[in-house]
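Participant: One structure follows; several queries about it will come next.
The values are calculated or read from the model by the stated rules, or taken from the named source; none is laboratory data. Keep in mind the model is a prediction, meaning the values are calculated, not measured. Neighbour counts run over all protein chains shown; Cβ positions are idealised from the backbone, glycine included.
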Amino acid sequence: MNGKKYLIFTYGCQMNARDSETIAGILNSLGYSATEREEEADLILFNTCSVRENPERKIYGKVTELRMLKEEKPELLIGICGCMPQQEIEQERIREKHPEVDLVFGTHNISRLPQLLEQAQDGRILEVWTEGRTEESLPAQREDDLKAFVNIMYGCNNFCSYCIVPYTRGRERSREPDAILAEIQALADAGYKEITLLGQNVNSYGRGLSQEIDFAQLLGLVGEIGGIERIRFTTSHPKDVSDRLIEALATEPKLCEHLHLPLQAGSDRILSAMNRGYTSAEYLELVARIRERIPHIALTTDLIVGFPTESEEDFAQTLKMVEEVRYDSAFMFAYSPRVGTQAATLDGQVAAEVKKERLNRLIQLQNKISGQVSHEYLGKTCEILVEGASPKDPRALFGRTRTNRACIFPLPSGDPKSWRGRLVPVKITRALTWTLHGVLEEETDAKTVPKGDQRSGHSGNGSL
Ligand code: SF4
């Protein structure tokens with residue numbers, strides 16, 4: 001395959017981003033190299049997401065657009081992989097309506113890519129496995145050399161009634177801790193500073209492994225790896241957050257003060273219909289316990305509006321919860337029925353215009369709160385992990401706080417690249433809704449930041 005070029009379009013969550021790194025690693029090992037130009041590519045792959053309907057439509061639109069290019073260059077291979085082909089209905093659609101697609105595989109058989117590519121030279125190939133096994137020896141071409149995603153588990157057993165993931169990613173399975181730690185050690189050796197541990201429900205990590213271990217223990221082991229400065233994780237199901245996890249967040253110095261805690265809806269009736277496993281009161285009690293231990297933790301969330309039968313009163317409960325919890329930010333979506341899920345069969349689907357109007361109201365409220373939360377940083381000093389030059393201003397540096405806020409500050413000296421990967425204290429002087437601006441403080445010791453407090457910290461003196 002020497003000299004051949006590939007282009008991967010990735011949609012959806014971090015899991016897919018991580019899978020694309022593996023796909024790129026496999027292609028590199030076959031002698032392919034990456035390109036960003038469609039006309040140059042010999043292989044164009046779409047690593048797809050099924051969580052909502054709109055992106056699916058866009059993906060098919062984009063695939064169709066490539067027909068012309070394929071006519072000009074018949075040897076071009078077009079592939080669809082990821083979550084969409086895990087559903088039979090989508091396999092059917094690709095087979096019947098997209099003759100330009102040569103190659104289809106799913107989330108469980110990425111390792112078969114070399115063989116599938118060979119077969120695709122001789123004709124269309126569709127191979128999708130319904131069950132996964134954990135592959136440990138696949139290569140990866142990482143997107144970034146500072147921050148990395150590390151899978152700790154795959155799949156999900158929760159079956160929230162609206163969600164397609166248990167069907168596309170299969171049942172929950174944890175990776176062996178040794179394999180995870182070896183991967184992170186290799187990342188640390190290569191100079192990575194931040195890792196994000198990935199799983200659909202990290203709080204159930206360890207179930208089914210021969211070694212007795214839970215997520216909090218895994219975090220402790222990861223925290224011991226030298227060179228890694230920051231540890232993040234996602235996603236944490238509210239029903240499974242343990243006191244041990246809260247304690248780890250409060251005490252493990254490398255664990256960032258940020259917790260993504262999907263609420264989805266504020267009404268108990270809707271939460272029950274969603275099969276979420278908690279009530280709004282239980283969720284608030286959990287938030288109170290977390291904040292008692294880590295007062296300035298950044299909480300973010302996912303919210304769905306217009307779940308079947310959601311009334312104006314139910315929606316008002318979501319707004320109330322958002323006001324009460326005061327999230328740093330939220331991913332907010334209108335409910336999108338997914339064929340094969342229980343919720344798609346429910347009566348009482350909410351009209352599109354009602355969903356749109358509720359979503360607008362929710363976004364307005366959350367944006368207002370995000371702006372207010374941002375203002376709380378004014379005058380404080382935050383530890384920033386510098387990523388490099390600001391995308392909009394080469395004389396400024398860009399990085400993130402431990403709470404994952406974007407921060408921009410003037411380049412003090414030298415080349416922006418020489419600052420990449422450094423942890424520095426920055427005093428916040430201006431707070432926009434999504435971005436903080438500041439100035440570098442004297443680097444007394446950014447790493448002595450007291451755990452869990454970036455917004456209430458004292459200003460100046462490097463005491464954060
Ligand atoms: S926890 Fe619920 S929403 Fe999350 S992946 Fe599993 S089924 Fe989907």
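Participant: Against the definition (in the same structural domain as G206 (by TED's automatic domain parsing), more than 27 Å from L181 (Cβ to Cβ) and surrounded by 19 or more Cβ atoms within 10 Å (Cβ to Cβ)), how does P308 come out, yes or no? Break it down stepwise before answering.
Facilitator: Details: in the same structural domain as G206 (by TED's automatic domain parsing): no; more than 27 Å from L181 (Cβ to Cβ): yes; surrounded by 19 or more Cβ atoms within 10 Å (Cβ to Cβ): yes.
For P308, the condition - in the same structural domain as G206 (by TED's automatic domain parsing), more than 27 Å from L181 (Cβ to Cβ) and surrounded by 19 or more Cβ atoms within 10 Å (Cβ to Cβ) - is not met.
Participant: Considering only residues that are under 12 Å from C407 (Cβ atoms) and surrounded by fewer than 20 Cβ atoms within 10 Å (Cβ to Cβ), which ones fall in the range 428-439? Give the steps one after another, and end with the answer.
Facilitator: So the first thing to find is which residues in the range 428-439 are under 12 Å from C407 (Cβ atoms), and the list is 428-432, 434-439.
Hits for the range 428-439 are T429, R430, L432, W434, T435, H437, V439.
Participant: Cβ-Cβ under 9 Å, sequence separation 6+ or interchain: first residue in the range 162-188 and under 30 Å from A334 (Cα atoms), partner near the ligand (Cβ under 9 Å from one of its atoms) and in a helix (DSSP H, G or I). Which pairs?
Facilitator: Short answer, once both residue conditions are applied: E172/P166.
Participant: Could you tell me whether R133 is farther than 30 Å from G421 by Cα, away from the ligand (no atom under 16 Å from the Cβ) and either surrounded by 19 or more Cβ atoms within 10 Å (Cβ to Cβ) or not hydroxyl-bearing (S, T, Y) (or both)? Step through it out loud before you land on a result.
Facilitator: Working: farther than 30 Å from G421 by Cα: yes; away from the ligand (no atom under 16 Å from the Cβ): yes; either surrounded by 19 or more Cβ atoms within 10 Å (Cβ to Cβ) or not hydroxyl-bearing (S, T, Y) (or both): yes.
Yes, satisfied.
Participant: Do the conditions hold for L378, that is, is it touching a helix residue (DSSP H, G or I) at 6+ places or on another chain (Cβ under 9 Å), hydrophobic (A, V, I, L, M, F, W, C) and farther than 24 Å from G12 by Cα?
Facilitator: Working: touching a helix residue (DSSP H, G or I) at 6+ places or on another chain (Cβ under 9 Å): no; hydrophobic (A, V, I, L, M, F, W, C): yes; farther than 24 Å from G12 by Cα: yes.
No: the conditions fail for L378.
Participant: Right, here's the next one. Which ones in the range 31-76 are in a loop (DSSP other than H, G, I, E, B) and buried (at least 16 other Cβ atoms within 10 Å of the Cβ)? Explain how you work it out, then say what you get.
Facilitator: Just the residues of the range 31-76 that are in a loop (DSSP other than H, G, I, E, B), to begin with: 31-32, 35-37, 41-42, 49-52, 66, 73-76.
Selection gives Y32, T35, A41, D42, C49, S50, V51, R52, L66, L76.
Participant: Yes or no: I94 surrounded by 18 or more Cβ atoms within 10 Å (Cβ to Cβ), in the same structural domain as V51 (by TED's automatic domain parsing) and in a strand (DSSP E or B)?
Facilitator: Here the answer is no, as I94 does not meet what is asked.
Participant: Please count how many residues of the range 201-229 are under 23 Å from L146 (Cα atoms) and either surrounded by 19 or more Cβ atoms within 10 Å (Cβ to Cβ) or in contact (Cβ under 8 Å) with a residue 24 or more places away in the chain (or both). Talk me through it step by step, then tell me what you get.
Facilitator: Of all residues in the range 201-229, those under 23 Å from L146 (Cα atoms) come to 202, 218-229.
Remaining after also requiring either surrounded by 19 or more Cβ atoms within 10 Å (Cβ to Cβ) or in contact (Cβ under 8 Å) with a residue 24 or more places away in the chain (or both): 202, 218-223, 225-229.
The qualifying residues number 12.
Participant: Among the residues of the range 141-191, which ones are among the basic types (K, R), within 18 Å of the chain's Cα centre (by Cα) and within 16 Å of the ligand (Cβ to nearest atom)? Working first, answer last.
Facilitator: Step one: of the range 141-191, the residues among the basic types (K, R) are 142, 147, 169, 171, 173, 175.
Subsequent filtering for residues that are within 18 Å of the chain's Cα centre (by Cα) retains 142, 147, 169.
Once the filter is applied, which keeps residues that are among the basic types (K, R), within 18 Å of the chain's Cα centre (by Cα) and within 16 Å of the ligand (Cβ to nearest atom), the range 141-191 yields only R169.
Participant: Conditions first: (1) surrounded by fewer than 16 Cβ atoms within 10 Å (Cβ to Cβ); (2) at pLDDT 80 or above. W419 passes all but one, so which condition is the exception?
Facilitator: (1)
Participant: Answer with yes or no whether G123 is surrounded by fewer than 17 Cβ atoms within 10 Å (Cβ to Cβ), in a loop (DSSP other than H, G, I, E, B), out of contact with any strand residue (DSSP E or B) (no Cβ under 6 Å at 6 or more places or on another chain) and in the same structural domain as E21 (by TED's automatic domain parsing). Please lay out each step first, then the result.
Facilitator: On the way: surrounded by fewer than 17 Cβ atoms within 10 Å (Cβ to Cβ): yes; in a loop (DSSP other than H, G, I, E, B): yes; out of contact with any strand residue (DSSP E or B) (no Cβ under 6 Å at 6 or more places or on another chain): yes; in the same structural domain as E21 (by TED's automatic domain parsing): yes.
Criteria met by G123.
Participant: Just to verify a result, which residue in the range 93-130, among those that are of a type in the set (G, A, S) and farther than 13 Å from G82 by Cα, is nearest to the chain's Cα centre (by Cα)? Spell out the reasoning first.
Facilitator: Step one: of the range 93-130, the residues of a type in the set (G, A, S) are 106, 111, 120, 123.
With farther than 13 Å from G82 by Cα added as a condition, the list becomes 120, 123.
Details: A120: 31, G123: 35 Å.
Going through the qualifying residues, I end up with A120.
Participant: Looking at (1) assigned by TED's automatic domain parsing to the domain that holds P166; (2) surrounded by fewer than 19 Cβ atoms within 10 Å (Cβ to Cβ), which is the one condition that is false for P238?
Facilitator: Against the list (1) assigned by TED's automatic domain parsing to the domain that holds P166; (2) surrounded by fewer than 19 Cβ atoms within 10 Å (Cβ to Cβ), P238 comes up short only on (2).
Participant: Residue pairs, Cβ under 6 Å, 6 or more apart or interchain, first in the range 268-287 and free of Cβ contacts under 8 Å to residues at least 60 places away in the same chain and under 18 Å from F315 (Cβ atoms), second within 12 Å of the ligand (Cβ to nearest atom) and not in a loop (DSSP other than H, G, I, E, B). List them.
Facilitator: Y283/P238
Participant: Here is a follow-up. Looking at (1) within 16 Å of the ligand (Cβ to nearest atom); (2) touching a residue at least 40 places away in the same chain (Cβ under 8 Å); (3) not assigned by TED's automatic domain parsing to the domain that holds K356, which is the one condition that is false for L249?
Facilitator: The one condition L249 does not meet is (1).
Participant: Output yes when any residue across the range 204-215 is part of a helix (DSSP H, G or I), away from the ligand (no atom under 16 Å from the Cβ) and farther than 30 Å from R338 by Cβ, and no when none is. Steps first, please.
Facilitator: Residues of the range 204-215 part of a helix (DSSP H, G or I): 204, 215.
Checking the rest, the ones that are also away from the ligand (no atom under 16 Å from the Cβ) come to none.
Checked the range 204-215: no residue is part of a helix (DSSP H, G or I), away from the ligand (no atom under 16 Å from the Cβ) and farther than 30 Å from R338 by Cβ.
Participant: Here's another thing I want to ask about it. Any residue that is more than 18 Å from T196 (Cα to Cα), more than 22 Å from the chain's Cα centre (by Cα) and more than 16 Å from the ligand (Cβ to nearest atom) - is there at least one of those in the range 235-243?
Facilitator: Looking through the range 235-243, at least one residue is more than 18 Å from T196 (Cα to Cα), more than 22 Å from the chain's Cα centre (by Cα) and more than 16 Å from the ligand (Cβ to nearest atom).
Participant: Test G266 against the stated conditions and say whether it is within 16 Å of the ligand (Cβ to nearest atom) and in contact with a helix residue (DSSP H, G or I) (Cβ under 6 Å, 6 or more places away or on another chain). Explain how you work it out, then say what you get.
Facilitator: Values: within 16 Å of the ligand (Cβ to nearest atom): no; in contact with a helix residue (DSSP H, G or I) (Cβ under 6 Å, 6 or more places away or on another chain): yes.
No: the conditions fail for G266.
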